[in-house]
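See below for the structure under consideration.
The values are calculated or read from the model by the stated rules, or taken from the named source; none is laboratory data. All values reported here derive from a predicted model rather than from experimental measurement. In this analysis, Cβ positions are derived from the backbone assuming ideal geometry, glycine residues included, and neighbour counts consider all displayed protein chains. Quick note on the areas: whole protein, heavy atoms, side chains included, nothing else; ligands and nucleic acids left out. Shrake-Rupley method; radii C 1.70, N 1.55, O 1.52, S 1.80 Å.
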Amino acid sequence: MSNGSRLPVLPEADLNAKQKQVLQEILQGPRGNLDGPFLAWIHSPELANRAQHLGAFCRYDTQLPTRLTELAILTTAAWWRSQAEWQIHEPIARKNGISSDVIDAILAGAPPPFVEQDEELVYRVTQGLYSTRRVDTALYKDAEMHFGTAGVVELTGLLGYYALVAMTLNIFDIHLDKNCENRPFEETVDGD
């Protein structure tokens, strides 16, 4: 498996039984590919297996609408300056109703001009948690009132999962295409 990253090439013929099992599960699941963090995680099949189950839930099965999960993912990608995460999820966010003005503001690190209250609330929770590592009582109560306790739990899990994805993509320099025009974040590691 070629990966265009810092990871060693992992030929499919060299995969052990657990890696092959996890690979098949990922390929037969809703993602249908081994893109993104799975290129790294397959080196640790137990992590890949557990992470792919959590990720499938966070991306496809929370009670939050896809529009809000994609907003949280984009905010995470911008926070971590994760090229591949942004490149994968920006078109999905647009397709699911996140406006260009909001997307452009998130990318620029500016306050987005939200029209939808639920989008602003997800953004505020995300920014609060990332910037202060806490969510104050008033914001928590707003989020709980709007999304319910389970919704806040699921949003928190989604943010944690996609922070793990972003860190994985960043540390292993996993990218979609270094020559792609949609590369919103400068990469300055080791003077690259």
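Computed quantities for the displayed model
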read-out	value
Condition broken by GLY148, with the remaining ones in (1) at pLDDT below 95; (2) at positive phi satisfied	(1)
Those residues of segment 33-47 which are among the aliphatic types (A, V, I, L, M), in contact with a Leu (Cβ under 8 Å, 6 or more places away or on another chain) and assigned to a helix (DSSP H, G or I), in sequence order	LEU39, ALA40
Flag for GLN87 being closer than 18 Å to ALA166 by Cβ, outside the structural domain of GLY29 (by the TED database) and in contact with a Phe, Trp or Tyr (Cβ under 9 Å, 6 or more places away or on another chain)	no
Entirely in segment 83-184, the helices (runs of 4 or more DSSP H) that have 3 or more residues that are in contact (Cβ under 8 Å) with a residue 40 or more places away in the chain	83-95, 117-132, 137-171
Residue satisfying condition, being within 24 Å of LYS141 (Cβ to Cβ) and crowded, with 16+ Cβ neighbours inside 10 Å, within set LEU68, LEU107	LEU68
Selection count where residues are closer than 22 Å to VAL22 by Cα and among the acidic types (Asp, Glu), scope segment 42-93	3
Of all residues making up segment 15-61, the number that are open to solvent by less than 70 Å² (accessible area, probe 1.4 Å) and within 14 Å of the chain's Cα centre (by Cα)	10
Top-ranked residue in segment 122-153 [being in contact with an Asp or Glu (Cβ under 9 Å, 6 or more places away or on another chain) and farther than 16 Å from ALA105 by Cβ; ranked as most open to solvent (accessible area, probe 1.4 Å)]	HIS146
